[in-house]
1. Could you check, for segment C:106-115, whether at least one of its residues is more than 14 Å from every other protein chain (Cβ to nearest Cβ) and among the polar types (S, T, N, Q)?
2. With respect to the numbered conditions (1) touching a Lys or Arg at 6+ places or on another chain (Cβ under 9 Å); (2) within 24 Å of A:PRO57 (Cα to Cα), which one is the sole condition not fulfilled by C:GLY136?
3. I'm checking my understanding of the structure. Among residues of segment A:95-112 that are open to solvent by less than 40 Å² (accessible area, probe 1.4 Å) and either modelled with pLDDT of 90 or more or within 14 Å of another protein chain (Cβ to nearest Cβ) (or both), which one is nearest to A:PRO141 (Cα to Cα)?
4. Looking at this structure, is A:SER275 within 14 Å of chain B (Cβ to nearest Cβ) and farther than 22 Å from B:MET171 by Cα?
5. Only one of C:LEU341, C:LEU345, C:LEU327 is within 16 Å of A:VAL299 (Cβ to Cβ), of a type outside the set (Phe, Trp, Tyr) and not in a helix (DSSP H, G or I). Can you tell me which?
6. If B:HIS370 meets every condition in (1) without any contact (Cβ under 8 Å) to a residue 40 or more places away in the chain; (2) at positive phi apart from one, which number is that one?
7. Residues being open to solvent by less than 30 Å² (accessible area, probe 1.4 Å) and farther than 18 Å from B:ILE250 by Cα: count how many of those fall in segment B:296-332.
8. Given the conditions (1) assigned to a helix (DSSP H, G or I); (2) at pLDDT 70 or above; (3) more than 14 Å from chain A (Cβ to nearest Cβ); (4) over 23 Å from A:PHE325 (Cα atoms), and given that B:ARG216 satisfies all but one, which numbered condition is not satisfied?
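The values are calculated or read from the model by the stated rules, or taken from the named source; none is laboratory data. Bear in mind the structure is a predicted one, so any value in this text is a computation, not a measurement. Glycine gets a Cβ as well: all are built from the backbone with ideal geometry, and neighbour counts include every protein chain shown. Quick note on the areas: whole protein, heavy atoms, side chains included, nothing else; ligands and nucleic acids left out. Shrake-Rupley method; radii C 1.70, N 1.55, O 1.52, S 1.80 Å.
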Amino acid sequence: MANMTLLKAINHTLDQQMEKDDNVVVYGEDVGYEGGVFRVTAGLQKKYGKDRVFDTPIAEAAIVGGGIGMAMNGLRPVAEIQFSGFMFPAYNQIAVHAARMRNRSRGKYTVPMVIRMPYGGGVRALEHHSESLETLFAHLPGLKLVIPSTPYDAKGLLTAAIQDNDPVIFMEPKRIYRAFKQDVPEEEYSIPLGKAKIVQEGDDITVVAWGAMMREAHKATESLKEDGISVELIDLRTISPMDSDTVVESVKKTGRFVVVHEAVRTLGIGAELISRVNEEAFFHLEAHPTRITSPDITVPLPKGEHHYMLDSKRIAREIKKVATFE
Amino acid sequence: MINFKFADIGEGIHEGVILKWHYEVGDEVKEGETMVVVETDKVNAEIPAPEDGILKEKGAEVGEEIKVGETLAVIDDGSGEEQEEGAGEEAEETPDKKEKKDEKEEDKDEDRKSSKEKQADEEEEEAGASVVGTVETGSEVLPASDEHTMKKEKPDKKKGKALATPVARKMAKDHGVDINKIDGTGPAGRVMKEDIKKAAEGAKMKEAAPASAAERPSMPEIAEEGTRREKISKLRQTIVRAMDRSNQLIPATTVMDEFDVSELAKFRKEQQGLADDQDTKLTYLPFIIKAVVLALKEYPKLNASFDHESEEIVYKDYYNIGIAVDTPDGLIVPNIKNADKKSILELSKDVERLASAARERKTEMKDLRHTTFSITNYGAFGAKLGTPVINHPEVAILGMGAITKKPVVIDDEITVRHMFPISLTVDHRIIDGGDAGRFMVKLKTYLDDPMLLLLS
Amino acid sequence: MIFDTYDCGKKKMFGIIDNDGKVIDKDYEPDIDKETLVNMYKTMVLARVADVKALQYQRQGRMLTFAPVQGQEACQVGPMAATDKKDWLVTAFREQAAMLYKGMTLKQGYLYWYGHERGSQFDEGVKITPVNVPIGSQINHAAGIAYASKIKKKGEVVVSYIGDGGTSHGEFHEGMNFGAVQKVPMITIIQNNQYAISTPRKLQSAAETLAQKAGSYGIPGIQVDGNDVLAMYAATKEAVERARKGEGVSLIEAVTYRLGPHTTSDDPSLYRSEEEVNEWRERDPIPRFKKYLTNKKLWNKDKEEKLQEETKKFVADTFKEVEKSELASVDEVYDHTYETLPPYLKKQKETYLKYLEDTKDEDKKESEGK
């Protein structure tokens, strides 16, 4: 057992899985020698050699497309897209091939691949380094999408993702890469994909969040205790396939529902969750299901980013409105 | 004067150790030239001077530690006013200082190592690398999880809340009916519109008076000339509804008496000093509350509610005493929760707190709910006798009149005593004159003798 | 012609002055008027000082992430001096020197890296595209801009920049290919500064030179000493003339070196040696150009001192101005999403403004309480 940051937990998991299965290869831009611009893959090339851990040219389509080929031919690639904002050149390969190869070949060819990418804002970065693009992946049948919020979950989910025989997008909330540590067991373990986690039980209102927003939602939940509001806080963890059952059961208990995400509002994952809650828990609702999101604008540069990002105070305020609605 | 702070140079560091100063206090420094070298986890950072000027003060000496956000140097640039530089927005990003400090205590020995040795540490990762932007580095530790060892799922708890469409819920609200109390006849026990209509009519029939809040007799004509209309506030609307309800449902009757509280008056005056130390003003009210609660324990019916639908008396084992507070907008009655578990000084403080919050219109929902017995003090305005109105669903209310010195006959002699007029209004459906009288006597016993009050 | 003599197939690198500013190729020494020469030098110095200061400011916590151009001033200023005002500059993200020469103000440059979109609002008539972060995609834009100029007979030429790493990207290939096939008036300059973050040039491509990629598009390509501002000028001038005559795309590989880190949050000591950096410092473009100008009696020690002093002051004053700038307003972050805000977005903006209004007292109390 050791206290690890989210980043270290990922590094440790890659190491553990590479040791266990020598078909696992890890690669991307600056991933090999330098160990990644965030040092997520540090030490791996030294340990496993250049064949299994390597630097690629700047070519996202090649990174993903190449990975698809590797996967079709027996490897289990873990490819890195340096920032989620740069996944667009690779989107063609992701949507058209990774997501469809199994279906197209009737199961003869599959893509047991993981595509890792740091995502999310609040890091005062240049343009294009702060996006939250879950929706673009969740909308593709054949693809899975996972977003951890703690070091413990990161290891469990990444282990499951690497061992999954379908393509998994593993989005890493870079804002909290090093923000805190957690005890991560040394032994191998996995957390099943498609399973949300009730982080905190409560009676008055169900709140769902994921990624870096979990921390903000949690802070909001704590502050609401003073107002006598008991929140049931759920970490969605897997966006696709979504565990809406856990969410729906919770709403049936509390009667109130709020979802928080930093992705833009329109067609964000919140819209999907609210639809499902309406479909399956309609008669239990005592207040309108609500989403707390960033606005539908391009993420501003650092000096304007505060207008886009959500903070725990604002989240608490909005949750309270729904919780006290009569 | 420039107060130059040590900044996180983008590598996510928290602190550093001064390696070398290139200048001494009193030296002239030039903007852009390296002023000091600070050793950090990652690099030996050469920090350039922010402005031309004279180095007035060093924030730390060679070998000493300096934390991000602390002053690294004070430079006199001849500008006169105090300016802060460095750190800037970075300061917002430094993690919880307290937790950092605790960790630092343990790691004191670690800090003495050079950065190279630290890199040899297994645990040490390259903090701060990010190539674009700033990634926060914190030392907070989350609670551990054991999810992967858990076998079975915990069974879900079910809560007894009604199933209903939003339209039905609104309908129930409009009819003033609690939807959670209605038996639903729809699929899976869902409450249907018919169920709500029936419940609303049923409630109406059970009431003594035919008129519900929505069906008051119409207003007779009032000549418009010489009149001025004023729309009532939300609070006043609430009071109107509450008083209507009380009036419709409760046949109220009031018993009155005058208590000799001379001993209490003396005691209160003597103890004011003690109360001052506790920062609270000792009025009669905390004593009354305590006496009331003791009396209620012996006559629990006055602390109960009457459920006229099920025809049951609902006894309560908690004592939330409502205190009527007069505010510019109207009467608000917040309550002191579990008053039986509080001392007189604590009650005094609670009264002050609730009263001032009420006057500022900052009373919280939770303070207004679940009152079991209320007290109103019209004596504060000089009145002596009154017939207070019960706050439904309580079944009694105590009214306090003004305490005055009066001539009283004791042992056939006339003496001057402090006399305290008290009125007790009760719900005559479940509380008879006898109960009310006995309660009053009990109350009198406690108020007569402060020592007994304190010892009980 | 330079492009013939130094055609990439011949494996010769084009240069005019050596490290000491001495002319080694008299044939191609360009005839540039005194004023322009001095202006070129001054811009290179400004870019260098602004760069060095930006890194310092970052270390002081006053500046955010910044991509320095140290060492690459010549391959940016040279080509800009060879173009006209009506021509375009299409940038990647490491072209601050070129942008300064072309008409961006230092304040705008600093504002951008400081975190304001305002920094990309160049003056009227200044035809520079905003900093482009997704690698390689600017080449497709450049090809398009050039295509429009061609069919509208505007006579404009487009100079686009890309790094050695960028040439690996599909977008480089697609843009070059399209531009070449359509014979657009485009010049692509590869700033081969030897590194793409930590990835060395040889891991980017197995080709011996990047210039030889021109062959696959059927266009001329040459390799130039990127630290030789005159060579960069001359090569670009020839390419510009080609383009204006309608002869199409040219590829110039400027061999240079990234003296600074990839960005201020990068630590190059992890992947390259001090020796290598020092070797390239000997070939620094600014001192050798200074020597050339001094030899030509256009520059001297006094002028140098004066320029350094003026430049340092100008940079410091400009940065102070930038530091005083306010945070982005709500209008700024919402209003450029569309030409006019659609109703749903207008509503979101209003809700947010109301939220700010409702909570401004809370924030005030908090900051007063601090």
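1. Scanning segment C:106-115, I find no residue that is more than 14 Å from every other protein chain (Cβ to nearest Cβ) and among the polar types (S, T, N, Q), so the answer is no.
2. Here C:GLY136 clears every test but (1).
3. Restricting to residues being open to solvent by less than 40 Å² (accessible area, probe 1.4 Å) and either modelled with pLDDT of 90 or more or within 14 Å of another protein chain (Cβ to nearest Cβ) (or both), the top hit is A:ALA99.
4. Considered against the rule, which asks whether it is within 14 Å of chain B (Cβ to nearest Cβ) and farther than 22 Å from B:MET171 by Cα, A:SER275 comes out as no.
5. C:LEU327
6. Among (1) without any contact (Cβ under 8 Å) to a residue 40 or more places away in the chain; (2) at positive phi, the lone unmet condition for B:HIS370 is (1).
7. Qualifying residue count for the region: 11.
8. For B:ARG216, the exception is condition (1).
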